[in-house]
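The values are calculated or read from the model by the stated rules, or taken from the named source; none is laboratory data. None of these values were measured; they are calculated from a predicted model. Cβ sites come from the backbone with ideal geometry, for glycine too, and all protein chains shown count toward neighbours. Side chains included, ligands, DNA and RNA excluded: accessible areas come from the protein's heavy atoms. Shrake-Rupley method; radii C 1.70, N 1.55, O 1.52, S 1.80 Å.
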Amino acid sequence: MRILFLGDIVGSLGRATTAKLLPTIRKRDRVNLSLANAENIAHGRGATQETIEEVLASGVDYFTGGNHIFWQKSFYEEIEHLPVVRPANYPSGTPGRGEAVIDLGRLGRVLLISLLGRTFMRDVADDPFATVSEILEKHQGEDLQATIVDMHAEATSEHQAMGFYLDGRVTAVVGTHTHVGTVDARVLPGGTAYVTDVGMVGSLDSILGVKKEIIIQNYVSALPQRFDWEDLGPAIFNSVLIETDKGGLAKSIKRIDQVVD
Ligand code: FE2
């Protein structure tokens, strides 16, 4: 099975870039399942039913979350009936679910898990390592073709720790949140595909999707700046393509990155 994972889709430019490139990539690389992080999909601030449905139509099958996933209040309810997993290690009682089994018919079933790191993050979250172990134990013995974990974290060490912690137990651990793709995509010794950060789908000439002038001002001025997302100009499409093997581990992982003018 071939699974494509897109980095954080940021705002309208991210959605437009996905619509432009994904159908061709899906066909060209014979993608069976397309996943993406959606926490910034609605104008760089959380997600909405409308923006999720727009990107479903572009060919993403299921979405993961992160620390911004509930920035739009309407999403507290909307998430319940949309193909989106939010961090599994959020406190109990949080809307939505942290894991999902995606049924691809004769291709089999894929377990998708969303996790949130805790280093340099301000969210209230339980231990992601204990949480993911509990989830894997719960699904043990089920007929799963693949298990994909999105580790949404700030610290590269926490991404890497999760990669090695799950090496040999899941098909892939892919990192998101920094919006900057890393060059370390590889299959770890135990057979798990890994990348510290997939990157993003959004504005190329921005800082993490935000207008660069605003972030620069944040560093050179003491006055607070209002965030505004870059919707114009060239875009970057960051993703990884994971090929699974029969034993639920990974044969390969490679980056698919493209700039769109
Ligand atoms: Fe994030």
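Cross-link reach is defined here as a Cα-Cα straight distance under 25 Å, omitting same-chain residues fewer than 8 places apart; for residue 73 the lysines meeting it are 211. For residue 80 and residue 183, the FRET efficiency from 1/(1 + (r/R0)^6), where r spans their Cβ atoms and R0 equals 30 Å, is about 0.20. For the chain, the fraction of 1.4 Å probe accessible surface lying on carbon and sulfur atoms is 51 percent.
Compute the label zone of residue 119 within segment 173-189: residues whose backbone N is under 20 Å from the point 7 Å along Cα-to-Cβ. Backbone N within reach: 173-186, 188-189. Extension gain, residue 216 to residue 107, is 34.5 nm, computed as 0.36 nm per intervening residue step minus the present C-alpha separation. Expressed as a fraction of 2.2 N^0.38 Å, the C-alpha radius of gyration for the chain is 0.94. Compared with the direct C-alpha span, the chain from residue 29 to residue 138 gains 36.0 nm at full extension, assuming 0.36 nm per residue. Sorting 60-67, 204-211, 193-200 by average packing, meaning the other beta carbons within 10 Å per residue, from highest down gives 193-200, 60-67, 204-211. Cross-link partners for residue 27 among the lysines, with Cα-Cα distance under 22 Å and sequence neighbours closer than 8 places in the same chain left out: 251, 254.
Note that the chain presents 44 Å² accessible area per residue, ligands and nucleic acids not counted, probe 1.4 Å. Once the Cα atoms are used to define both axes, helix 128-138 deviates from the longest principal axis of the chain by about 40 degrees.
Sorted largest first, the principal axis extents computed over the alpha-carbon atoms of segment 163-261 equal 53, 31, 16 Å. Round to the nearest 0.05 the FRET efficiency obtained for residue 130 and residue 261 when R0 = 35 Å and r is the Cβ-Cβ distance. So the FRET efficiency works out to roughly 0.15.
Across segment 54-70, coupling constants 3J(HN,Hα) worked out from phi with the 6.51/-1.76/1.60 Karplus curve, θ = phi - 60°, read 4, 7, 4, 5, 7, x, 7, 8, 8, 10, 10, x, x, 5, 9, 4, 9 Hz, and Gly and Pro carry x. Using the Karplus relation 6.51 cos²θ - 1.76 cosθ + 1.60 with θ = phi - 60°, the per-residue 3J(HN,Hα) values for segment 14-19 come to x, 5, 5, 5, 4, 4 Hz, with x marking Gly and Pro.
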